[in-house]
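Notes follow once the structure below has been shown.
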Amino acid sequence: MKVLVIGPGGREHALVRSLLDDPFVTEVHAAPGNAGIARDVPVHAVNAQDPAAVVALARELGSSLVVVGPEAPLAAGVVDALQEAGIPAFGPTRAAAQLEASKAFAKEIMAVAEVPTAMARVATNSTEAADALDAFGAPYVVKDDGLAAGKGVVVTDDREAALAHAQECFGAGGSVVIEEFLDGPEVSLFVISDGYHAVPLAPAQDFKRIFDGDEGPNTGGMGAYSPLEWLPAGFVDDVMERVARPTITAMADRGTPFAGVLYCGLALTRRGIRVIEFNARFGDPETQAVLARLKTPLGSLLLAAANGTLDTIEPLTWRSKTAVGVVLASARYPDAPVTGDVITGLDAAAELDGVSVLHAGTALDDDGATVSAGGRVLAVVGLGRDLAGARERAYAGIGKIALEGGQYRTDIALRAAQGGVTIEQEGN
Ligand code: AMP
Ligand code: GLY
């Protein structure tokens with residue numbers, strides 16, 4: 001099988017690595033990729049958001065499967081175009097990707113499917129926004145209704161800041177969703193779907209804020225680990241039954257079956273599981289940690305999802321190891337990331353036992369040096385016997401890497417390693 005991976009980030013580097021490990025995959029290509037992906041497979045300078053260009057490349061390469069990583073090409077209809085051209089594609093159609101592209105649409109589907117989520121109101125002007133903020137009270141949660149790569153959400157106790165964010169979204173011609181604050185630990189569960197059948201991957205936890213101790217602004221994600229030993233027994237089955245399957249059924253019933261990854265962003269609140277958000281793609285950086293443990297050949301799994309034959313695959317198998325991924329971000333990320341700085345120590349890090357380096361925002365400069373080219377620059381994934389071992393490896397790896405002004409959190413998976421993640425229970 002020849003696979004083409006679409007996207008430029010760390011998630012795509014993880015997908016490429018796993019596909020290279022699949023004995024049924026004979027060739028992997030990527031577009032546009034990054035400097036790290038280009039060290040592993042041939043990359044092609046194609047605009048990932050241009051459906052015709054992606055179809056042309058897949059034809060030229062004779063791809064038997066195209067895996068679309070990021071949300072923007074999904075929302076641009078890249079999967080629709082590939083399907084029309086008769087090329088198997090992993091990812092939802094444009095209509096199904098609305099589950100991520102519009103938070104208001106996601107809330108409608110959750111209402112139809114009776115999926116537990118935060119109470120929410122849509123606001124299109126400041127008066128409506130102020131009313132909604134006061135209805136729910138602090139902490140305030142204000143979300144840009146459109147695609148914002150996980151960065152359009154403000155959670156704050158400051159009413160003025162909440163209103164200012166809403167105003168910014170209205171200014172850009174958009175609307176906002178304002179909702180009740182959900183307490184409790186967050187979990188990302190990726191559910192592979194072919195539109196009708198669904199298979200969960202292992203749960204992961206992401207660290208959204210830029211600074212240690214969950215301080216500072218939200219980012220795309222600064223680190224992740226998997227599996228989550230502190231989850232209650234039956235958690236994944238519960239999410240499948242109460243969240244994933246009803247959502248997939250609701251999407252199929254309205255004539256827009258959802259095939260691809262249904263990313264369930266969940267909060268374990270004292271009143272039970274609540275959906276924080278759906279995404280229509282693999283999460284970044286959770287994928288880097290989750291795929292490090294997957295033993296099942298990835299290409300065959302994704303092809304079954306693309307072909308509507310997920311019900312025929314064997315149960316997934318996993319390495320009995322723990323994975324921790326730590327993201328290195330550039331100076332002044334997430335506000336105004338500084339790019340173009342040389343990154344050193346990449347090979348020294350990758351040579352360590354149980355350590356892999358997955359690139360995100362990297363490029364090669366004119367001298368062939370690897371330089372930063374985005375906010376999140378790379379992730380170092382440590383695979384160990386337990387959380388402590390995996391953390392040790394990830395941090396030993398990132399310690400070898402130097403980037404001017406580079407930032408990373410030192411507390412990824414720390415609380416879980418100390419047994420400090422707890423779920424509040426409330427009788428209901
Ligand atoms: P989203 O883009 O919807 O995933 O939001 C990004 C992050 O904001 C989430 O991962 C949460 O950390 C936080 N967040 C979003 N919605 C809520 C909510 N209703 N209550 C508490 N935190 C939230
Ligand atoms: N890690 C969060 C996301 O991919 O949206």
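The values are calculated or read from the model by the stated rules, or taken from the named source; none is laboratory data. These figures come from a predicted structure and were not determined experimentally. Note that we place each Cβ from the backbone using ideal geometry, even for glycine, and neighbour counts take in every protein chain shown.
Is it the case that ASP144 is within 16 Å of ligand 2 (Cβ to nearest atom), touching a strand residue (DSSP E or B) at 6+ places or on another chain (Cβ under 9 Å) and of a type outside the set (Ser, Thr, Tyr)? Talk me through it step by step, then tell me what you get.
On the way: within 16 Å of ligand 2 (Cβ to nearest atom): yes; touching a strand residue (DSSP E or B) at 6+ places or on another chain (Cβ under 9 Å): yes; of a type outside the set (Ser, Thr, Tyr): yes.
When the stated conditions are applied, ASP144 passes them.
Among the candidates VAL54, VAL67, the residue that is part of a strand (DSSP E or B) and not small (Gly, Ala, Ser) is uniquely VAL67. Contact map, segment 22-35: residues that are on the phi < 0 side of the Ramachandran plot and of a type in the set (Val, Ile, Thr) paired with residues that are at pLDDT 95 or above and surrounded by 24 or more Cβ atoms within 10 Å (Cβ to Cβ), Cβ distance under 7 Å, separation 6+ or inter-chain. Pairs shown: VAL25/VAL3; VAL25/LEU19; VAL25/GLY299; VAL28/VAL3; VAL28/VAL5; VAL28/VAL16; VAL28/LEU19.
The number of residues in segment 176-227 being away from ligand 1 (no atom under 14 Å from the Cβ), part of a loop (DSSP other than H, G, I, E, B) and buried (at least 23 other Cβ atoms within 10 Å of the Cβ) comes to 1.
Can we say ASP50 is among the acidic types (Asp, Glu), within 27 Å of LEU364 (Cα to Cα) and at pLDDT 95 or above? Yes: the conditions hold for ASP50. In this structure, is LEU99 out of contact with any helix residue (DSSP H, G or I) (no Cβ under 9 Å at 6 or more places or on another chain), buried (at least 18 other Cβ atoms within 10 Å of the Cβ) and at pLDDT 95 or above? No. Taking the criterion of being surrounded by fewer than 21 Cβ atoms within 10 Å (Cβ to Cβ) and touching a strand residue (DSSP E or B) at 6+ places or on another chain (Cβ under 6 Å), the only residue of segment 63-82 that qualifies is SER64.
Within segment 369-426, the set of residues being among the charged types (D, E, K, R), under 24 Å from the mean Cα position of the chain (by Cα) and assigned to a loop (DSSP other than H, G, I, E, B) comprises ASP386, ARG409, ASP411. All of (1) free of Cβ contacts under 8 Å to residues at least 60 places away in the same chain; (2) touching a helix residue (DSSP H, G or I) at 6+ places or on another chain (Cβ under 8 Å); (3) in a helix (DSSP H, G or I) hold for ALA132 with one exception: (2). Any residue in segment 170-177 that is modelled with pLDDT under 95 and within 23 Å of the chain's Cα centre (by Cα)? Within segment 170-177, one or more residues are modelled with pLDDT under 95 and within 23 Å of the chain's Cα centre (by Cα).
Which of the residues belonging to segment 279-296 are more than 8 Å from ligand 2 (Cβ to nearest atom) and either surrounded by fewer than 24 Cβ atoms within 10 Å (Cβ to Cβ) or in a loop (DSSP other than H, G, I, E, B) (or both)? Of everything in segment 279-296, those that are more than 8 Å from ligand 2 (Cβ to nearest atom) and either surrounded by fewer than 24 Cβ atoms within 10 Å (Cβ to Cβ) or in a loop (DSSP other than H, G, I, E, B) (or both) turn out to be ALA280, ALA292, ARG293, LEU294, LYS295, THR296.
Matching residues to (1) under 26 Å from ILE412 (Cβ atoms); (2) out of contact with any Leu (no Cβ under 7 Å at 6 or more places or on another chain); (3) outside any strand (DSSP E or B):
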{"position": "GLU229", "(1), (2), (3)": "yes, yes, yes"}
{"position": "MET240", "(1), (2), (3)": "no, yes, yes"}
{"position": "THR247", "(1), (2), (3)": "no, no, yes"}
{"position": "PRO257", "(1), (2), (3)": "no, yes, yes"}
{"position": "CYS264", "(1), (2), (3)": "yes, no, no"}
{"position": "ARG274", "(1), (2), (3)": "yes, no, no"}
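Of the residues making up segment 181-199, those that are under 29 Å from ALA252 (Cβ atoms) and not small (Gly, Ala, Ser) are LEU182, GLU186, VAL187, LEU189, PHE190, VAL191, ILE192, ASP194, TYR196, HIS197, VAL199. From the residues in segment 253-278 that are within 16 Å of ligand 1 (Cβ to nearest atom) and over 17 Å from the mean Cα position of the chain (by Cα), which one is surrounded by the most Cβ atoms within 10 Å (Cβ to Cβ)? Ranking the qualifying residues of segment 253-278, first place goes to LEU268.
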